[in-house]
1. Please determine whether any residue of the stretch 35-47 is closer than 30 Å to Arg161 by Cβ and either open to solvent by 50 Å² or more (accessible area, probe 1.4 Å) or within 16 Å of ligand 3 (Cβ to nearest atom) (or both).
2. For a quick check of your reading of the model, give me the residue pairs whose first member lies in the stretch 100-118 and is at pLDDT 95 or above and of a type outside the set (Gly, Ala, Ser), whose second is within 16 Å of ligand 3 (Cβ to nearest atom) and not in a loop (DSSP other than H, G, I, E, B), with beta-carbon atoms closer than 6 Å and at least 6 apart or on different chains.
3. Quick one: which strands (runs of 3 or more DSSP E) sit completely within the stretch 69-173 and have at least 3 residues that are hydrophobic (A, V, I, L, M, F, W, C), away from ligand 1 (no atom under 16 Å from the Cβ) and open to solvent by 30 Å² or more (accessible area, probe 1.4 Å)?
4. Output the residue which, of all residues in the stretch 48-68 that are among the hydrophobic types (A, V, I, L, M, F, W, C), open to solvent by less than 20 Å² (accessible area, probe 1.4 Å) and outside any loop (DSSP other than H, G, I, E, B), is nearest to Leu185 (Cα to Cα).
Amino acid sequence: MLMGTFIFLCLFPSIILAAEASEINCPMINCSHEAPLIRFPFRLIDQQPQNCGYLGFNLFCKENTTTIHFSSYGDLIVNSISYETPKLNLLDPKNCVHEVFLNLNLSLTPFRYYNVLKKYTYLNCSSRLVSPSFLQIPCLSGTHHHVYTVESSLDVPDCCRLVKTIAIPFSYSPYLSDNSFGLGLTWDSPSEDSKEKTEQVRWFETALGKVLTISIIAVAMTTLISMEIYWFKKLDGRNSVENDLEFEMLLGDF
Ligand SMILES: *[C@@H]1O[C@H](CO)[C@@H](O)[C@H](O)[C@H]1NC(C)=O
Ligand SMILES: *[C@@H]1O[C@H](CO)[C@@H](O)[C@H](O)[C@H]1NC(C)=O
Ligand SMILES: *[C@@H]1O[C@H](CO)[C@@H](O)[C@H](O)[C@H]1NC(C)=O
């Protein structure tokens, strides 16, 4: 019984520590030394619990590179994250930002383009368009097909097929050779008020958790100790009865 109390007392600090661990479950984390720090509303999937981030803000590390997955396109590299002005700067691993613009559908994600959008039409032409105002997108074109972004009001030339008319941040320009140009996303951050409320709720939950843990431990310990006292007394009582009996037997022998 004493041993039980001893073990319990040894476990006591670790129980308290376990209760406090929930507070340090979401430390800032990154995929490598130089990689952007990941914190709320983002979450590093597989390494942080679900409640560390909002739904749809999952990031993962792919060969030490911060990566985000879009079902409409695939994986994009997260170059930097700005939490102050909500902005995610992305890079296309295939180096073809217009392939991203053409396919990325953000409608079922928490994100939208950071830049103002304008409607453009993607054309897929069997021969080159001769006007110097048309510049084909090299990474989407081949020897027998030439892809262009044109003003959506333009009539589709005979040798071309309309691929899609969509709102994108930039039409193709060879001067914007940086493959990340325009690939910035933003999200609606929860208002300061609701953030504060969330923090208050979190604090309250943690405090409540601690109080509950300590109360349970206190009750358990009190029960244990009173049980011990009861048993010791009983044992003591029985011992003295046994002694009395022995004494009487001894007397009887005489
Ligand atoms: C990732 O980083 C670790 C530690 O810095 C290094 O040992 C490892 O080789 C890196 N892996 C890749 C694929 O770069
Ligand atoms: C994006 O996806 C939504 C929902 O799946 C769909 O309704 C919409 O037409 C898509 N937009 C484009 C431009 O493909
Ligand atoms: C353009 O057309 C070619 C040949 O028809 C096709 O292989 C290619 O995928 C098309 N590209 C786009 C962006 O639609």
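1. No, every residue in the stretch 35-47 fails to be closer than 30 Å to Arg161 by Cβ and either open to solvent by 50 Å² or more (accessible area, probe 1.4 Å) or within 16 Å of ligand 3 (Cβ to nearest atom) (or both).
2. Phe101/Ile168; Leu102/Tyr122
3. 160-168
4. So the residue we want is Ile68.
The values are calculated or read from the model by the stated rules, or taken from the named source; none is laboratory data. Computed from a predicted model, the values in this text were never measured in an experiment. Methodologically, a virtual Cβ is constructed for each residue, glycine included, from the backbone with ideal geometry; neighbour enumeration extends over all protein chains shown. The protein model used for the area step is the full one, side chains on, heavy atoms only, and it has no ligands, DNA or RNA in it. Shrake-Rupley method; radii C 1.70, N 1.55, O 1.52, S 1.80 Å.
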